[in-house]
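The values are calculated or read from the model by the stated rules, or taken from the named source; none is laboratory data. It should be emphasised that the depicted structure is a prediction, and the values quoted were computed from it without experimental measurement. Here the Cβ positions follow ideal geometry from the backbone for every residue, glycine too, while neighbour counts run over all protein chains shown. All accessible areas refer to the heavy atoms of the entire protein, side chains included, with ligands and DNA or RNA removed. Shrake-Rupley method; radii C 1.70, N 1.55, O 1.52, S 1.80 Å.
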Amino acid sequence: MSGVGAPDRGSAAAAAPGPAPAGGRGRGPGDAGRIGAAARWWASRVAGAAFVLWAVATLTFFAIRLIPGDPAEAILGGPGSQASDEALAAVRAEYGLDQPIAVQYVRQLGRLAVGDLGTSYSLREDVAALLGAQLPGTLLLAVLALAVAWLLALALATWSTRGGRVSAAVGSGLEVIAAALPHFWIAIVLILVFSTGLGWFPPISTPGVAGLVLPVVTLAIPLAGFLGQVMRESLLDALEAPFTVSARARGESEAGVRQVHVLRHAALPAVSLSGWAFGFLVSGAVVVETIFARPGLGRTLLNAVTLRDIPLVLGVVLVVAAAYIVVTLLTDAAQRLLDPRTRAA
Amino acid sequence: MSDLEVSARLARSGVERRRARGGPGGGRAARRLPGAGESAAALVLLFLIASALVPQVVAPVDPLAISPLEAFRPPSAAHPFGTDESGRDIFSRVVHGTGPSLLLGIAATLIGLAGGVVLGTAAGMLGRVVDFGVNRLLEVLFAFPGLLLALFFIVIFGPGIVTATIAVGVSTAPGYARIIRGQLLTVRRSAYVEAATVLGRGRWRVLVRHILPNTLAPLFVLGTLGVGQAIVWAASLSYLGLGAVPPAAEWGAMLAAGRTYISTAWWLTFFPGLFIVLTATATTVLGRRLQQRVREQG
Amino acid sequence: MSGAAAAGGTEPVLRISGLRVAFGSGTPVVDGVSLSIAPGECLALVGESGSGKSVTARTVLGLAGERATVTADALELRGRSLLGLSDRAWRGIRGREVGLILQDALASLDPLRPVGREIADALRLHTPLPPRQRGDWVLDLLRSVGMPEPELRARQRSGELSGGLRQRALIASAIALDPPLLIADEPTTALDTTVQARILDLLGELRAAGTAILLISHDLAVVRGIADRVAVMAEGRIVETGSVADVLERPREEYTRRLVRAVPAGKPRGERLSADARPSDATDARGASGALDTPGASVAVSARARPAEAAASAPLLTGHGLTRAFRGPDGSRRLAVQDASFELRAGETLGLVGESGSGKTTLARLALGLLEPDTGTVELDGRPWSPLPERERRTRRSLVGAVYQDPLASFDPRLSVGRILADALSGGRHARPARVSDELVSLLASVGLPPSVLARRPLHLSGGQRQRVAIARALAPRPRVLICDEPVSALDVSVQAQVLDLLDDLQERLGLAYLFISHDLGVIGHVSDQVAVMSEGRIVETGPTADVLAAPRHPFTRALLAAAPTLSA
């Protein structure tokens, strides 16, 4: 961003300590070298992702041993659960709690490796199967919310950078407020207006399209606030960048400049925020699914946390962490593909 | 990437563009008058601070006075925000809840900042091995996105106002840590630190005089941006029944209490929520303004 | 030069008369500019930053900006008035009638799109050609601008090309439709000298083929090489117009004279470039010497040590066989500096010249003891310097100062000028404020700054003032060696002249030794007693400046000399 349009006498010298231009060295090995570099990148990233996944499993394994008291009791819902001796014995046997901790740890990893997440205490069901059933609903919610947020953000960012000062101020004001809105409050307001007031949508998320509208909008608004700000910042940067000057000097129209050049630059940072957006949506899903009484991963997590259903909590945490790691990896790959500048680093 | 990093990045980029446009004289913009949004944010903050310090002046009605006959009154001249299930004045409760709520947000932010400072400075100062280790730790913590880390923390240590506050603090710490580490590395590699070395200044003196002040000054900005978000997160936890519990006149607790009456008495949750929104928005605007000052002075 | 083309009576391609451009309600940035360009003619618009030359150029494209109010008696392109054109009409002119080349090709080509697509855009906008034919045309264009391997390059993005190739691609996009007028706004400013020469050759070919070129430049030497006529611009007005030879050799106006005088290229060592009075003649001479004269100096003398004397004295700073490697992002080792040796004596300037990436800055950092060499040693004042722990070096740090290209970045952003200098003067201890304050004022006076800057922050100073503060800071510990890494590269030529004169005065007064690094052979030739030419990490040639410039031995030095633009015809 530095020195846009400034008489930058020293750029030649400023570049001096840096490495030679990328083209200089990339030329030798040619395409083979590039493929090699891509393979190396993927290998190191996948290894990194695997490490994080292992570390998450390890961290959670040891963290639940921080719970005061008997771990078997904790797994059965804490001291208040008044679990029977047989149940405790069964849990101890299942988790090998009578074994040395190293053995327990290795066994736990082994179980995770084959996708065995244990049995939910509160629901008495296989956690993996349970989550498998809950996942699609939450995924649908999150993807729709993401799409709506992108559209809202893009619309707002484009509109507010097009006109004069008023639309710019209104646009950025709306975005700041939207980003500060807690999900539960949006949900309350939307229910008040559109369910209680107008009666357009049900206050409880019934199956079908009508039941999806309010949860999706609730999730999308704050996300759109953040994405919109990021997009607008990069839109403004791109609109002032020298390459748009040369595009205009070539005879490109304002609309053409935006379509051909600027939008791509505006979308880039929003893409790079996908990992963050995923986390934001998952957190939001906990609140939204609870308020709209919609079955899904978020509500399952909240119930599990409230009931201290440790196997279920661990299951959700691991699934979400794994998904997050995959999303981040894909985001980075997408960015690498879209923006050759990130490849040099 | 955390919410915080997104906010911090947003606060930065606007200022930098303005500066790029202004060229060498860009510092002049520092003295520009605050806009309408900033003035409104300042008024909101003044009101909130007054509510926190002298709630009995802002809202003379006793927030704890129960009058069952007045229960569930919608907003009116007598009760601008209505009354709750026990007939208590919600406006008064919201105003009296400002202090505890802000305190919770500030406490959570301080916890997050403290964790971030410890991890971030360790990574930035203690050499490559520690940096590598801390970075891997942060990567792992980032794999518990958003509320997940806080929820996991609550599972282990049980629900309640104290754990919820700590949980929010802990879950924001990785974000702070990464920003602080980045800032530290930028400052350490800066030309002015090199210039101090060339002048023969010792490591310790460079650290105290240049590196720490330039790393820590942006923490005020981060903290300001973070308080609003911490309040939103803490309130979300309370709303879900994992944080502050009802008898307290704290916004999150009021939300949790009003939750059951959403369809019949919306004002029980709407107004505490509105105050949270106002706080979060005002701190964001103020944080950006601060960022601008820090950047444009420097 | 083809001045004949201008006088030949042909209709001018561009005719501007009484052009005024203002932004908002401010004073006009361009205030009554008149000029004209004939086909096949190159008119250079020369001026310092803020003179309004770029705004003038953009106005010809209708790109001065939404907030700009443009008025003119005439603004004609091939006889057609450009005043009050609709957006649509402007778009028909841009790219087809007028092409634009900007300074920084890296940023001026969309970094996310292949350069071939960028070039093809001009064809897409102005011709009904189908995409395939556009692609062929793009390849032809790339060939015509001398791009090697055009098929490969067309698929690459600007970030994947070297600076010179990038600039060629940008030129190709500007000349895609063979516009009769080409506006080149500082087209070679970001380029290395040898690359610059090739790009200028390319522009020369275009001019020879009949294209009229409006060249915007701050660099008189570049202008000398390519332009037919020059218009000197200052504060929105054209100060002087005429043929290149007339304006540069016999400037009529005082402003032009100062500008020409400020160009260091070809001026002998010690010749004044600026019109400034010597600070030593200024009011506060006593205070200045009080602050700066090296106490008990055995080598430092009040008059400059002539080269002969310098050669007799022992070297102050030497490097022996310095080598330093860095690990690249792909894990490969790259030798930034290889087997470099140098000697620097008191009162002497060693000029280090080379292109970007040649290892100059690494060598400076080795000399400053900021980097340890892999092999080789640096000695300071006859004692080891580089292979020491920093703790032992620290006590002698005051002997060596540094001045950087970007002074602003080298100041702690929180500190005022006064605190920066007080810290430098105090030697790291807390000094009595009153005493410091006197010293501060005289230190500032010695670099030609008034005491009023003490309270200000560097951010609010001009580029030249910042560099003066940086020099004052470097001088505060009374060093005997200054290492100047591109100290004037970011400055306008007249400010550059002042800073170079200041450095010369200080050297003469204090007997300082300079290791002066620059990519600009003109600057190096002016300031140096000895010169070392660096290429790809090696010092390929070294010797007395006059000898090296007059009879270069190494092919790289010869190429650099041949490429370096000069003011002499």
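The condition of being at the interface with another protein chain (Cβ under 7 Å from one of its Cβ atoms) and open to solvent by 20 Å² or more (accessible area, probe 1.4 Å) holds for only one of A:Arg308, A:Arg299, that being A:Arg308. Quick one: in segment C:381-404, of everything that is touching a Ser or Thr at 6+ places or on another chain (Cβ under 9 Å) and at pLDDT 90 or above, which residue is farthest from C:Arg480 (Cα to Cα)? Within segment C:381-404, the match that is farthest from C:Arg480 (Cα to Cα) is C:Val403.
Looking across segment C:100-112 at every residue that is open to solvent by less than 10 Å² (accessible area, probe 1.4 Å) and more than 7 Å from chain A (Cβ to nearest Cβ), the one that is farthest from C:Asp192 (Cα to Cα) is identified as C:Ile101.
For segment B:222-252, the set of residues classified as surrounded by 24 or more Cβ atoms within 10 Å (Cβ to Cβ) and without any contact (Cβ under 8 Å) to a residue 40 or more places away in the chain consists of B:Tyr239, B:Leu240, listed by residue number. Of the residues making up segment A:258-273, those that are β-branched (Val, Ile, Thr) and facing chain C (nearest Cβ under 10 Å) number 2.
When we screen B:Ile180, B:Ile161 for residues that are open to solvent by 10 Å² or more (accessible area, probe 1.4 Å) and either in contact (Cβ under 8 Å) with a residue 12 or more places away in the chain or aliphatic (A, V, I, L, M) (or both), the only hit is B:Ile161.
Exactly one residue out of C:Thr318, C:Thr294, C:Thr323, C:Thr349 is hydroxyl-bearing (Ser, Thr, Tyr) and at pLDDT below 80, and it is C:Thr294. Where strands (runs of 3 or more DSSP E) fall wholly inside segment C:203-259, the ranges with 2 or more residues that are closer than 24 Å to C:Leu141 by Cβ are C:212-217. Taking the criterion of being within 14 Å of another protein chain (Cβ to nearest Cβ) and open to solvent by less than 40 Å² (accessible area, probe 1.4 Å), the residues of segment C:117-149 that qualify are C:Glu118, C:Ile119, C:Ala120, C:Asp121, C:Ala122, C:Leu123, C:His126, C:Thr127, C:Val138, C:Leu141, C:Met147. Meeting the requirement of 3 or more residues that are open to solvent by 10 Å² or more (accessible area, probe 1.4 Å) and more than 14 Å from chain B (Cβ to nearest Cβ), the strands (runs of 3 or more DSSP E) wholly within segment C:334-452 are C:375-380.
Beta carbons closer than 8 Å, at least 6 apart along the sequence or on distinct chains, pair a first residue in segment B:46-74 that is touching a residue at least 40 places away in the same chain (Cβ under 8 Å) with a second that is of a type in the set (D, E, K, R) and in a loop (DSSP other than H, G, I, E, B) for B:Pro63/B:Arg88; B:Leu64/B:Arg88; B:Phe72/B:Asp84; B:Phe72/B:Glu85.
When the residues of segment B:72-118 are filtered to those that are in a loop (DSSP other than H, G, I, E, B) and in contact with a Pro (Cβ under 8 Å, 6 or more places away or on another chain), the one that is nearest to B:Leu46 (Cα to Cα) is B:Phe81.
Among the residues of segment C:498-529, those that are under 14 Å from C:Ala262 (Cβ atoms) and within 14 Å of chain A (Cβ to nearest Cβ) comprise C:Val499, C:Asp520, C:Gly522, C:Val523. Only residues that are at the interface with chain B (Cβ under 9 Å from one of its Cβ atoms), closer than 26 Å to B:Ile231 by Cα and open to solvent by 20 Å² or more (accessible area, probe 1.4 Å) were counted in segment A:180-202, giving 4. Going through (1) within 13 Å of B:Arg178 (Cα to Cα); (2) hydrophobic (A, V, I, L, M, F, W, C); (3) open to solvent by less than 10 Å² (accessible area, probe 1.4 Å); (4) away from chain A (no Cβ under 14 Å) one by one, B:Ala108 falls short only on (1).
Filtered by the rule that a residue be part of a helix (DSSP H, G or I) and open to solvent by 10 Å² or more (accessible area, probe 1.4 Å), segment A:282-295 gives A:Val282, A:Thr290, A:Ile291. Does at least one position in segment B:62-69 carry a residue that is open to solvent by less than 70 Å² (accessible area, probe 1.4 Å), away from chain C (no Cβ under 14 Å) and not polar (S, T, N, Q)? Scanning segment B:62-69 turns up at least one residue that is open to solvent by less than 70 Å² (accessible area, probe 1.4 Å), away from chain C (no Cβ under 14 Å) and not polar (S, T, N, Q).
Assess whether C:Leu75 counts as being assigned to a strand (DSSP E or B), more than 7 Å from chain A (Cβ to nearest Cβ) and not β-branched (Val, Ile, Thr). Yes: the conditions hold for C:Leu75.
If you filter segment B:139-169 down to residues that are at pLDDT 90 or above and out of contact with any Leu (no Cβ under 6 Å at 6 or more places or on another chain), you find that the one that is farthest from the other protein chains (Cβ to nearest Cβ) is B:Gly169.
Can you tell me which residue among A:Leu117, A:Leu88 is within 29 Å of the chain's Cα centre (by Cα) and aliphatic (A, V, I, L, M)? Write out each step before concluding.
On the way: A:Leu88 fails: within 29 Å of the chain's Cα centre (by Cα).
After ruling out the rest, the residue left standing is A:Leu117.
Would segment C:261-278 turn up any residue that is touching a residue at least 24 places away in the same chain (Cβ under 8 Å), within 19 Å of the chain's Cα centre (by Cα), within 16 Å of C:Ser49 (Cα to Cα) and assigned to a helix (DSSP H, G or I)? Looking for residues that are touching a residue at least 24 places away in the same chain (Cβ under 8 Å), within 19 Å of the chain's Cα centre (by Cα), within 16 Å of C:Ser49 (Cα to Cα) and assigned to a helix (DSSP H, G or I), one finds at least one in segment C:261-278, hence yes. The helices (runs of 4 or more DSSP H) located wholly in segment B:162-260 that include 2 or more residues which are in contact with a Lys or Arg (Cβ under 8 Å, 6 or more places away or on another chain) occupy B:191-198, B:212-239.
Residue by residue, here is whether (1) of a type in the set (Gly, Ala, Ser); (2) under 17 Å from A:Glu254 (Cα atoms); (3) within 36 Å of the chain's Cα centre (by Cα); (4) in a loop (DSSP other than H, G, I, E, B) holds:
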position: C:Leu83; (1), (2), (3), (4): no, no, yes, yes
position: C:Trp90; (1), (2), (3), (4): no, yes, yes, no
position: C:Leu106; (1), (2), (3), (4): no, no, yes, no
position: C:Asp110; (1), (2), (3), (4): no, yes, yes, yes
position: C:Leu125; (1), (2), (3), (4): no, yes, yes, no
position: C:Leu129; (1), (2), (3), (4): no, no, no, yes
position: C:Arg134; (1), (2), (3), (4): no, no, no, no
position: C:Leu142; (1), (2), (3), (4): no, no, yes, no
position: C:Gly146; (1), (2), (3), (4): yes, no, yes, yes
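Kindly indicate whether B:Val294 is assigned to a helix (DSSP H, G or I), closer than 20 Å to B:His96 by Cβ and either within 14 Å of chain C (Cβ to nearest Cβ) or open to solvent by less than 20 Å² (accessible area, probe 1.4 Å) (or both). For B:Val294, the condition - assigned to a helix (DSSP H, G or I), closer than 20 Å to B:His96 by Cβ and either within 14 Å of chain C (Cβ to nearest Cβ) or open to solvent by less than 20 Å² (accessible area, probe 1.4 Å) (or both) - is not met.
Being within 27 Å of the chain's Cα centre (by Cα) and among the polar types (S, T, N, Q) holds for only one residue in C:Thr56, C:Thr69, C:Thr27, and it is C:Thr56. All conditions in (1) surrounded by fewer than 23 Cβ atoms within 10 Å (Cβ to Cβ); (2) assigned to a loop (DSSP other than H, G, I, E, B) hold for C:Ala176, with the sole exception of (1). Given the structure, is A:Val176 in a helix (DSSP H, G or I), surrounded by 17 or more Cβ atoms within 10 Å (Cβ to Cβ) and modelled with pLDDT of 80 or more? So A:Val176 passes the test.
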